[in-house]
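Input: a single structure, listed below in structure tokens.
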Amino acid sequence: MIEATANDNLRQAPAVSTIAPPLRQRAGHGPLAPAPVFAITSGKGGVGKTNVVANLATALARKKKRVLVIDADLGLANLDLFLGVRPVHTLEDFFAGTVGLSEVIIANRDGVLLLPGASGVQALTALSTEQKIALLTELDVMTQEVDLVLIDTGSGISDAVTYFTTAAQEIVVVATAEPSSITDAYALIKVLTSDHRQKRFSILANNVVDGAEAMRLFETLSGAALRFLNASLDFLGWIPRDPQLLRAVAQARTVVSMAADAPSSRAFFTLADQFADSAQRIKVKGNVQFFFRRLLEAEKNA
């Protein structure tokens, strides 16, 4: 019901559809180190993953970080809704060869750069090698001066999800305290560990009552992952259950921009600081193009 209300509100309210200006022309910003890539994923839908990405990106932008968000849930792309934009073009148009990537990337009112997916388009894993090379080549040029890249993956253990998570430098799994969410998060970690040789994951507890509930969630996952998968889990933090967050979702807005002093907003700003610190510490082998080259190499090896 919340998502339906948000969709209705967005259709009724004006939305921002600003084509992002060339990054190289932004005054006061010199060349930066290669941008690290964070994959934000979840074992099941309905845990608030996309809302987390939208609020985190907004918090980073308000801290003067240049962030590019890629909506990689190409079957059910809806990150544009949470960021309050109506894309003029999507990745579907880019892959069709009708527009360049610079015409697809848009900036919302907070300055978050979004590469929007499109509902119902083919999964990226089904694209041709030529299409993927075209994407990585243009992204390489456009993302040389961002601070970090956030990938909003789909949910579950599909090929499309593992495709993106295994190529990112950091994997963040969003989970709630519900038993089904914890079980599905473990299933995702198991697949990534067993089939894709991933051993490090960060856990973000979302929509929890307090820190104690967040730690119980983490310890349940961490204990099982260490015992049965030999995987290392890090506790990233937690987002509290917050009525103001629910109101923001119902109005198709981020709580960070709607109520900056809300408990959930403060948690997102703290999370943004952690991501910014991590982005400076991560040693990226190459630039964002390397991220997509890993995707291509993984496909060839498969």
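The values are calculated or read from the model by the stated rules, or taken from the named source; none is laboratory data. The shown structure was predicted, so the numbers you read here are calculated from the model rather than taken from an experiment. All Cβ positions, glycine included, derive from the backbone under ideal geometry; neighbour counts span all protein chains shown.
Only one of these conditions is not met by Ala61: (1) more than 24 Å from Val161 (Cβ to Cβ); (2) modelled with pLDDT of 50 or more; (3) surrounded by fewer than 20 Cβ atoms within 10 Å (Cβ to Cβ); (4) out of contact with any helix residue (DSSP H, G or I) (no Cβ under 6 Å at 6 or more places or on another chain). Which number is it?
Only one criterion in (1) more than 24 Å from Val161 (Cβ to Cβ); (2) modelled with pLDDT of 50 or more; (3) surrounded by fewer than 20 Cβ atoms within 10 Å (Cβ to Cβ); (4) out of contact with any helix residue (DSSP H, G or I) (no Cβ under 6 Å at 6 or more places or on another chain) is unmet by Ala61, namely (3).
If you go through segment 177-190 one residue at a time, how many are within 17 Å of Gly154 (Cβ to Cβ) and surrounded by 20 or more Cβ atoms within 10 Å (Cβ to Cβ)?
Of the residues in segment 177-190, 5 are within 17 Å of Gly154 (Cβ to Cβ) and surrounded by 20 or more Cβ atoms within 10 Å (Cβ to Cβ).
Could you say whether any residue in segment 15-37 is among the small types (Gly, Ala, Ser), closer than 21 Å to Ala185 by Cβ and either modelled with pLDDT of 80 or more or surrounded by fewer than 23 Cβ atoms within 10 Å (Cβ to Cβ) (or both)? So that I can check it myself, show each step before the final result.
Our first condition is that a residue be among the small types (Gly, Ala, Ser); within segment 15-37, this holds for 15, 17, 20, 27-28, 30, 33, 35.
Still in the list and also closer than 21 Å to Ala185 by Cβ: none.
Among the residues of segment 15-37, not one is among the small types (Gly, Ala, Ser), closer than 21 Å to Ala185 by Cβ and either modelled with pLDDT of 80 or more or surrounded by fewer than 23 Cβ atoms within 10 Å (Cβ to Cβ) (or both), which makes the answer no.
Name the helices (runs of 4 or more DSSP H) wholly inside segment 39-111 in which the number of residues that are of a type in the set (A, V, I, L, M, F, W, C) is 3 or more. Can you show your working first?
Numbers: elements: 49-62, 79-83, 91-95, 101-104.
Hits in segment 39-111: 49-62, 79-83, 91-95.
Quick one: would you say Gly117 is surrounded by 20 or more Cβ atoms within 10 Å (Cβ to Cβ), modelled with pLDDT of 85 or more and of a type in the set (Gly, Ala, Ser)?
Values: surrounded by 20 or more Cβ atoms within 10 Å (Cβ to Cβ): yes; modelled with pLDDT of 85 or more: no; of a type in the set (Gly, Ala, Ser): yes.
Spelling it out, it is not the case that Gly117 is surrounded by 20 or more Cβ atoms within 10 Å (Cβ to Cβ), modelled with pLDDT of 85 or more and of a type in the set (Gly, Ala, Ser).
Restricting attention to segment 192-219, and to residues there that are in a helix (DSSP H, G or I) and surrounded by 18 or more Cβ atoms within 10 Å (Cβ to Cβ), which single residue is nearest to the chain's Cα centre (by Cα)?
Quick first cut of segment 192-219, residues in a helix (DSSP H, G or I) only: 192-196, 211-219.
Filter once more, so that each one left must be surrounded by 18 or more Cβ atoms within 10 Å (Cβ to Cβ): 192-193, 214, 217-218.
Working: Leu192: 17, Thr193: 20, Ala214: 21, Leu217: 21, Phe218: 20 Å.
The qualifying residue nearest to the chain's Cα centre (by Cα) is Leu192.
Determine the pairs where a residue that is within 8 Å of Gln244 (Cβ to Cβ) and in contact (Cβ under 8 Å) with a residue 40 or more places away in the chain, located within segment 256-268, has a partner that is surrounded by 17 or more Cβ atoms within 10 Å (Cβ to Cβ) and among the aliphatic types (A, V, I, L, M) with Cβ atoms under 7 Å apart, the partner being 6 or more residues away or on another chain.
Going by the 7 Å Cβ cut-off, the qualifying pairs are Ser264/Ile239; Ser264/Leu245; Ser264/Val255; Ser265/Val255; Ser265/Val256; Ser265/Ala259.
Got a sec? Which of Glu103, Glu138, Glu130 is modelled with pLDDT of 85 or more and not aliphatic (A, V, I, L, M)? I'd like the intermediate steps shown before the answer.
Working: Glu138 fails: modelled with pLDDT of 85 or more; Glu130 fails: modelled with pLDDT of 85 or more.
It is Glu103.
If I filter segment 162-178 down to residues being at pLDDT 95 or above and either among the aliphatic types (A, V, I, L, M) or in a helix (DSSP H, G or I) (or both), which single residue comes out as farthest from the chain's Cα centre (by Cα)?
Applying the first criterion (at pLDDT 95 or above) to segment 162-178 yields 172-178.
Next cut, either among the aliphatic types (A, V, I, L, M) or in a helix (DSSP H, G or I) (or both) only: 172-175, 177.
Values: Val172: 9, Val173: 10, Val174: 11, Ala175: 14, Ala177: 21 Å.
This residue is Ala177.
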